[in-house]
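Read the structure below first, then the notes.
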Amino acid sequence: GAVVSQHPSRVICKSGTSVKIECRSLDFQATTMFWYRQFPKQSLMLMATSNEGSKATYEQGVEKDKFLINHASLTLSTLTVTSAHPEDSSFYICSSLAGGTDTQYFGPGTRLTVL
Amino acid sequence: AQSVTQPDIHITVSEGASLELRCNYSYGATPYLFWYVQSPGQGLQLLLKYFSGDTLVQGIKGFEAEFKRSQSSFNLRKPSVHWSDAAEYFCAVVGDNAGNMLTFGGGTRLMVKP
């Protein structure tokens with residue numbers, strides 16, 4: 001149980017384009033999902049917290065207009081990197097929190113490379 | 001606010017040797033504590049967690065961790081390391097702030113010598 005998937009696993013795009021990353025909880029309903037980014041050889045940095053049916057809460061320094069988060073259902077959250085630039089290249093990881101639990105289960109991550 | 005420190009950035013052990021990865025946290029009350037493992041290019045897998053009760057918790061893959069309140073520590077141990085244990089290990093804490101937000105330590109990269 002507690003499986004979280006992400007799609008795509010890798011994406012390469014041109015500067016200025018937008019990229020959408022999907023995060024799905026496959027066998028449980030996730031009331032809350034989190035989005036992290038991880039630079040090489042560094043720890044995870046929380047970008048935003050999203051609750052189903054409401055607006056995401058962004059961490060300080062994270063541009064909400066650049067990183068659009070939609071949590072339209074209890075099993076799906078999406079992160080759209082708009083007008084991507086090379087400095088947005090990173091490893092993006094989502095996690096899901098099942099209702100009534102205190103444990104986050106992580107997706108396998110998405111490697112974004114912006115040329 | 002809570003914080004987590006993993007003092008060792010890199011650790012190298014021989015296969016079959018014992019392992020201890022250190023984790024210290026800063027938090028006023030008893031936090032929820034987690035250890036995750038990350039293989040290269042992969043997401044994080046939960047090894048074990050401590051919420052309350054017995055301070056020695058058993059996890060997957062033969063790992064265990066001990067919560068020591070007096071030392072504000074939650075060190076991860078394994079009696080005999082396998083080559084497949086080579087990975088990045090993250091300690092994390094959840095405080096009583098809203099939203100179950102994890103605060104991660106900087107990670108410890110484990111290398112295993114044959």
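Carbon-plus-sulfur accessible fraction, the protein assembly as shown (probe radius 1.4 Å, protein heavy atoms only): 51%.
Quick check for you: with a 1.4 Å probe and neighbouring chains kept, what is the accessible area per residue of chain A, in Å²?
Details: 5570 Å² over 115 residues.
With all protein chains present, chain A gives 48 Å² per residue.
Here the ratio of the Cα radius of gyration of chain A to 2.2 N^0.38 Å is 0.99. Counting only other chain Cβ atoms within 10 Å of each residue's Cβ, the peptide B:42-54 averages 4. Per residue, region B:1-100 exposes 47 Å² of accessible surface when a 1.4 Å probe is rolled over the protein heavy atoms with every protein chain present. The interface between chain A and chain B buries about 1500 Å² of solvent-accessible area in total (1.4 Å probe, ligands and nucleic acids excluded). Calculated from the alpha-carbon coordinates, the protein assembly as shown shows an Rg and a Dmax of 17.7, 52 Å respectively.
Springs join every pair of Cα atoms under 10 Å in this Gaussian network model of chain B, and among B:SER70, B:SER84, B:SER14 the largest mean-square fluctuation is at B:SER70.
Let's test the formula: R0 of 45 Å, r as the Cβ-Cβ distance of B:ASP54 and A:CYS13. What FRET efficiency results, to the nearest 0.05? Efficiency for this residue pair is about 0.40.
Could you give the C-alpha radius of gyration of region A:54-115 expressed as a fraction of 2.2 N^0.38 Å, taking N as the number of residues it contains?
Values: Rg = 13.0 Å, N = 62, 2.2 N^0.38 = 10.6 Å.
Normalised by 2.2 N^0.38 Å, the Cα Rg of region A:54-115 equals 1.23.
Model label sites at A:ASN70 and A:GLU22, defined 7 Å from Cα along the beta-carbon direction, differ in position by 1.2 nm.
For region B:66-78, putting each phi into the Karplus relation 6.51 cos²θ - 1.76 cosθ + 1.60 with θ = phi - 60° gives couplings of 10, 8, 10, 4, 5, 9, 6, 10, 8, 7, 9, 9, 8 Hz, in residue order, rounded to whole numbers and with x for Gly and Pro.
Averaged over the residues of peptide A:38-44, the number of Cβ atoms from other protein chains lying within 10 Å of each residue's Cβ is 5. For the residues A:THR75, A:THR32, A:THR103, a GNM of chain A with alpha-carbon springs under 10 Å puts the largest fluctuation on A:THR103.
Applying the criteria of a DSSP loop state and at most 12 other Cβ atoms within 10 Å to the chymotrypsin sites (Phe, Trp or Tyr not before Pro) of region A:57-115 yields no site.
With one equal scatterer per alpha carbon and no solvent term, the Debye-computed log10 I(q)/I(0) for region B:18-59 at 0.22, 0.31, 0.34 1/Å reads -0.92, -1.23, -1.26.
The values are calculated or read from the model by the stated rules, or taken from the named source; none is laboratory data. Since the model is a prediction, treat every value here as computed from it, not as a measurement. Methodologically, a virtual Cβ is constructed for each residue, glycine included, from the backbone with ideal geometry; neighbour enumeration extends over all protein chains shown. Side chains are part of the model used for accessible areas, which takes the heavy atoms of the whole protein and leaves out ligands, DNA and RNA. Shrake-Rupley method; radii C 1.70, N 1.55, O 1.52, S 1.80 Å.
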